[in-house]
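> Below you'll find the structure I mean.
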Amino acid sequence: MGTGVLQLPAALKQGGWIGFFYVFLSGIMSNYAGMATVRCMYTKEGEKLNTFSDMGGYLYGNMGKQAIQTLKTLSLLGGGSVSILLASINLNEIVSEMFGLKSNLLFWIVVCSIVVLTPTILFKEIHESPLLTFFGTFTTVFVIVIASIMSILVWMHPEFQYPPSELLKLSGFPISFSSICFAFSGNLLWPDIEKGMKTPQSFSKVLTCSSCVVTLFYAVMAFTGYLAFGDNVLSPVLLSFHPNFFVKAAYLLITAHILLTIPLYIISISRDIERLIYDQVEMKVWHRHMLRTSLLLVAVAVILTFSNFEKLVSLIGSVTVSLLSYVLPVIFYIKMYKSRETFGLSDKLFQYSIVFVGLFCFFVGTYLSGSDLLFGN
């Protein structure tokens, strides 16, 4: 679970109430693709691959590995951009409300960037600790619970009037589904998680249970937020509520989690580039500082150019998540296991349905969300 959850009610605004079904569809597809990803780590020669990029290299050579690595870089860099923007929006709202200061999003983007840059250049590597993982999970659950309860309270208010909403917005399907996909973008992490388990054989069972819980949380968040605010819902959804103690606490917690997590994105990209350029030689310290500073500046440049959180999430979901979390894991799985397993008709239909939906969101969703980001209001 991550910051993409704050976009879910707006995803229903894009697709209509049918978007509630998209949440469950995304959860089912993500769970299958996650199991396929980990199974593809085991080659028919008995070798254990380490990363998703290694899988691309095993199947399609160096070109396949570099293509996956490029998509991973875009995904992490896009996720970093979205996270810095979200943290800046949160701090801007908190400070404006608590101290009555004038809204200044640009100032908070600069502040958040400086905060993120400090550990990024001070530490050669930062590994996600169990404490940080717990804090991130707690924060996300807290935000979901608070936002859902407050949405229900808005709906139960005696003077509540149903906001405008639609059952189905067919033209909004690619953007809506891509936004929801962004919230389920965990496939790059599954190989590392499976590797760290005491009993890797139980990964599929653990992933299925986790997917069920996460999907349920996401569905509640999406449903209650759209029920309360309809097409008037803002993104991130916390902007839709009148500020109170719980909203401010949610702002602070999610911002702290974001600022602790973004350096992991930047350092991960940097380490991949370092290994690519300096295969056998240690990279000079000042070269590393320049590289990581440049990566952060690229992320900041993206949000300075496109500071709409809702539209940026949709574009990133369309461009990278649809491929990395849905299309490629299933294609790789089919290619690696077609000689080892016999897929039934239902298996093939499900597999090709995932690939079709993912590719549809990639092509159509990228075009629509990109056009909306560039030329929309």
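The values are calculated or read from the model by the stated rules, or taken from the named source; none is laboratory data. This is a predicted model, so every value here is computed, not measured. Quick reminder, even Gly has a Cβ in these numbers, built from the backbone with ideal geometry, and neighbours come from all protein chains shown. Only protein heavy atoms, including side chains, enter the accessible area calculation; ligands, DNA and RNA are left aside. Shrake-Rupley method; radii C 1.70, N 1.55, O 1.52, S 1.80 Å.
> For the stretch 102-202, list the helices (runs of 4 or more DSSP H) that sit wholly inside it and hold at least 2 residues that are under 20 Å from the mean Cα position of the chain (by Cα) and charged (D, E, K, R); which are they?
190-195
> As an exercise: evaluate Arg271 against (1) at pLDDT 85 or above; (2) open to solvent by 20 Å² or more (accessible area, probe 1.4 Å); (3) part of a helix (DSSP H, G or I); (4) not polar (S, T, N, Q) and give the number of the one condition it does not meet.
Status for Arg271: all satisfied but (1).
> Any residue in the stretch 148-175 that's polar (S, T, N, Q): show its pairings with residues that are part of a helix (DSSP H, G or I) and open to solvent by less than 100 Å² (accessible area, probe 1.4 Å) at Cβ separation under 6 Å, as long as the two are six or more apart or on different chains.
Ser148/Val220; Ser148/Met221; Ser148/Thr224; Ser151/Thr224; Ser151/Gly225; Ser151/Ala228; Ser165/Gly230; Ser165/Asp231
> Can you report the number of residues in the stretch 74-116 which are touching a helix residue (DSSP H, G or I) at 6+ places or on another chain (Cβ under 6 Å), surrounded by fewer than 23 Cβ atoms within 10 Å (Cβ to Cβ) and free of Cβ contacts under 8 Å to residues at least 24 places away in the same chain?
The qualifying residues number 3.
> With the structure loaded, tell me whether Phe52 is open to solvent by 30 Å² or more (accessible area, probe 1.4 Å), in contact with a Phe, Trp or Tyr (Cβ under 9 Å, 6 or more places away or on another chain), under 30 Å from Ile303 (Cα atoms) and not aliphatic (A, V, I, L, M) or whether it fails that test.
For Phe52, the condition - open to solvent by 30 Å² or more (accessible area, probe 1.4 Å), in contact with a Phe, Trp or Tyr (Cβ under 9 Å, 6 or more places away or on another chain), under 30 Å from Ile303 (Cα atoms) and not aliphatic (A, V, I, L, M) - is not met.
> Can I ask one more? Please find, among Leu238, Leu207, Leu264, Leu227, the residue that is aliphatic (A, V, I, L, M), touching a residue at least 12 places away in the same chain (Cβ under 8 Å), under 15 Å from Gly136 (Cα atoms) and outside any loop (DSSP other than H, G, I, E, B).
Leu264
> Now for a different question. Which members of the stretch 289-309 meet the condition of being in contact (Cβ under 8 Å) with a residue 60 or more places away in the chain, more than 24 Å from Thr366 (Cα to Cα) and open to solvent by 20 Å² or more (accessible area, probe 1.4 Å)?
Of everything in the stretch 289-309, those that are in contact (Cβ under 8 Å) with a residue 60 or more places away in the chain, more than 24 Å from Thr366 (Cα to Cα) and open to solvent by 20 Å² or more (accessible area, probe 1.4 Å) turn out to be His289, Thr293.
> Right, another one. Mind checking whether some residue in the stretch 271-292 is among the hydroxyl-bearing types (Ser, Thr, Tyr) and closer than 18 Å to Ser81 by Cα?
No, the conditions are met nowhere in the stretch 271-292.
> Would a scan of the stretch 6-24 turn up a residue that is over 30 Å from Thr255 (Cβ atoms), among the basic types (Lys, Arg) and either touching a helix residue (DSSP H, G or I) at 6+ places or on another chain (Cβ under 7 Å) or at pLDDT 90 or above (or both)?
No: zero hits.
> Moving to a separate point now. State all residues of the stretch 219-236 that are closer than 21 Å to Ser30 by Cβ and surrounded by fewer than 24 Cβ atoms within 10 Å (Cβ to Cβ); if no residue qualifies, say none.
Correct list: Ala219, Val220, Phe223.
> Write out, first by first residue and then by second, each pair whose Cβ atoms fall under 6 Å of each other, whose residues are 6+ apart or on separate chains, and whose first residue, in the stretch 310-324, is within 17 Å of Asn31 (Cβ to Cβ) while the second is assigned to a helix (DSSP H, G or I) and among the aliphatic types (A, V, I, L, M).
Cβ pairs passing all conditions: Leu324/Leu71.
> Among the helices (runs of 4 or more DSSP H) confined wholly to the stretch 279-377, which include 3 or more residues that are under 30 Å from Tyr58 (Cβ atoms)?
Here the list reads 285-305, 328-337, 345-360.
> Here are some conditions: (1) closer than 23 Å to Leu189 by Cβ; (2) loosely packed, with under 15 Cβ neighbours inside 10 Å; (3) not small (Gly, Ala, Ser). Phe160 meets all but one. Which one does it not meet?
(1)
> Please find, within the stretch 368-377, the residue that is most open to solvent (accessible area, probe 1.4 Å) out of those that are free of Cβ contacts under 8 Å to residues at least 60 places away in the same chain and within 12 Å of Ser314 (Cβ to Cβ).
In this case the residue turns out to be Ser371.
> Only one of these conditions is not met by Phe343: (1) surrounded by 13 or more Cβ atoms within 10 Å (Cβ to Cβ); (2) in contact (Cβ under 8 Å) with a residue 12 or more places away in the chain. Which number is it?
Here Phe343 meets the rest and fails (2).
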